[in-house]
Structures are given as structure tokens and as C-alpha cells.
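Here, each number is a calculation from the coordinates, and none is a lab measurement. It should be emphasised that the depicted structure is a prediction, and the values quoted were computed from it without experimental measurement. For neighbour counting, all protein chains shown are included, and Cβ atoms are generated from backbone atoms with ideal geometry for every residue, glycine included.
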Amino acid sequence: MPHIERTATVRWDGNVARGAGSLDATSSGAFAQLPFSLPSRIGDPGGKTSPEELLAAAHGGCITMSLAGELTKAGTPPGHLQATVTIHMDEVEGQGHQIVGSVVEFIVQADGVDDAALQAAVSEADEGCPFSALLKRAGATVDVSARLA
């Protein structure tokens, strides 16, 4: 895989409790002024995002592409993959708030795949996903499950 760099720009105004920020996808322009704040991070999102939600989306995008690659390599390319990813952040004694886990749940449509082949592909996809590796190296758990549609 080639060397990859992508850039986002973040703006924050005010203190942490009452301030607010926005995110821009500088490299792609895919989103601009995506709002986030402390209340959207710890309570009702109110139409705003959070770093944890963005991490869930990033992990989901990465591992979904990895699973598509594994299924294709096995000769059973997917017709449709749906992943729901939940990032867990919790208080860790002596370390403050930390990302402690990511739970990925796939629903897979792929002709010619049985459950055993799907589970093998999911395991390989998790191993090949750079975001899964990053989370695991940081001490977080990564739980991936899949079922056929």
C-alpha cells in the first residue's frame, strides 16, 4: 500500500464547557464545518458529532473495506456489507477517560459464502485493518461479529 496522508482542519472557540468547534475535511472537501462540542460528546448529540463518532466511522470504513477485500480474494465478493461500529470510552483508573473498545457488527450479503467462510474472512479483515491494529496497540478491545443477511 502506498504512503497515505490525509488532513483535517479543526477550529475551536471558547472554553471546553461552553465552547464549540468545527471540522473540515481539508484533503477531500467531503465535509466542511462539521460541528462538535462537549455537550454533543457526553450527552445528546443535538445534530453535532464527536471525536468518538468520527473514530467509529473511520474504524467502520476501514474494516468494511478490509472485509470486502477478503471476501473478494476468497472468490465470493460481497453484494452488500453493513457495519455498525460502537466506540466505548470510559474512565480508566489513573489514566482518565480512555477509548477502551470498539464493537463492530456486520450484516453481510455475499453469494456462495457460508458462515464458516464468513467468520474466517472477518478474522482476516480485522487483522488487516490498520484502525483495528491501532486500537489494539492502544490497549482497547476490538470485537468483530458478522452474520449473513
Query raised in the report: region 49-89 to region 109-149: how many Å between their Cα centroids?
Result: 9
Query raised in the report: Looking at region 48-149, which GluC sites (Glu not before Pro) are DSSP coil and have at most 16 other C-beta atoms within 10 Å of their C-beta?
Result: Glu93
Query raised in the report: GNM, the chain, Cα, under 10 Å: largest mean-square fluctuation among Leu67, Leu38, Leu55?
Result: Leu38
Requested in this report: Counting only DSSP beta bridges with both residues in the chain, tell me the antiparallel percent, nearest 5.
Outcome: 70
**Report entry** Relative contact order %, region 80-122, counting alpha carbon pairs below 8 Å whose residues are six or more apart
**Finding:** 40
**Report entry** chymotrypsin sites (Phe, Trp or Tyr not before Pro) lying in DSSP loop within region 23-107, provided at most 14 other Cβ fall within 10 Å
**Finding:** Phe31
Requested in this report: Would you kindly calculate the mean projected area, averaged across all directions, of the convex hull enclosing the Cα atoms of region 51-148, in square nanometres?
Outcome: 5.9
Report task. Counting only trypsin sites (Lys or Arg not before Pro) that are in a DSSP loop and have at most 15 other C-beta atoms within 10 Å, tell me the longest site-free stretch of the chain. Result -> 19-149
Report summary line: For the chain, longest principal axis from Cα atoms; helix 51-73 axis from its Cα atoms; angle between them, nearest 10 degrees, is 20
